[in-house]
1. May I ask you to say which residue of Ser104, Ser142, Ser119 is at pLDDT 95 or above and small (Gly, Ala, Ser)?
2. Out of all the residues in region 43-50, is one or more in contact with a Leu (Cβ under 6 Å, 6 or more places away or on another chain), farther than 30 Å from Gly147 by Cα and surrounded by 10 or more Cβ atoms within 10 Å (Cβ to Cβ)?
3. Check region 1-20 and report whether any residue there is in contact (Cβ under 8 Å) with a residue 12 or more places away in the chain, more than 30 Å from Ala132 (Cα to Cα), open to solvent by 60 Å² or more (accessible area, probe 1.4 Å) and touching a Lys or Arg at 6+ places or on another chain (Cβ under 7 Å).
4. For a quick check of your reading of the model, give me the residue pairs whose first member lies in region 81-106 and is surrounded by fewer than 13 Cβ atoms within 10 Å (Cβ to Cβ) and among the basic types (Lys, Arg), whose second is outside any strand (DSSP E or B) and modelled with pLDDT of 85 or more, with beta-carbon atoms closer than 9 Å and at least 6 apart or on different chains.
5. Name the single residue that is nearest to the chain's Cα centre (by Cα) among those in region 145-175 being part of a loop (DSSP other than H, G, I, E, B), of a type in the set (A, V, I, L, M, F, W, C) and at pLDDT 65 or above.
Amino acid sequence: NEFSCSDTAYIIINEYEKPIVSILGDSLICGPESTILSSEYNYPEYFWSTGESTKEITVIMDGEYELTVTDENGCYSSTKINVVFSEMPEPEILGDLLVCKNDSNFLRVADEYEEYLWSDGSKENSLLIDEAGQYWLEVTNSDGCKGYDTVLVEYYDISLQVEPDILDFGYVLID
């Protein structure tokens, strides 16, 4: 300046990395349940798109959930997760549960599913059986949720024993 005065100022600029943010929790929930979403890492501040400011939240509805974390330096970062709730499949095995010996029968499932797995390892929507026993079925719906059913197939025992009888019709005797 005009008086030959000078001064020096120093500014220290610190550059910090953005915090790493990751959401832990299931993105597919099968059945009428809830799930817990949480931050994988610890930070001083959390803010969820639901308005909550805790490390973890309980989720009971489909939707996209966003988490923003702020570290001790004031730096923040966000991430999202899409949560889907799906109906739990409830397959019902249909077919005759009483079979005659040396006879065959089809077991089938009432509804359509993406995948089928029967107790014998077959993957069709029906199963040909030729003996009594317990049979189970695992199905998978389009969201990847699994459901199960089990039936017990028994033999229908038709044993007819005929013993000769003497019938008296008056004058006629039939043996």
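1. Details: Ser104 fails: at pLDDT 95 or above; Ser142 fails: at pLDDT 95 or above.
The match here is Ser119.
2. yes
3. No.
4. Lys101/Glu131; Lys101/Ala132
5. Of everything passing the filter in region 145-175, Cys145 is nearest to the chain's Cα centre (by Cα).
The values are calculated or read from the model by the stated rules, or taken from the named source; none is laboratory data. Predicted model only: the values in this text are computed from it and were never measured. Here Cβ is always computed from backbone atoms with ideal geometry, including for glycine, and neighbour counts include all displayed protein chains. Side chains included, ligands, DNA and RNA excluded: accessible areas come from the protein's heavy atoms. Shrake-Rupley method; radii C 1.70, N 1.55, O 1.52, S 1.80 Å.
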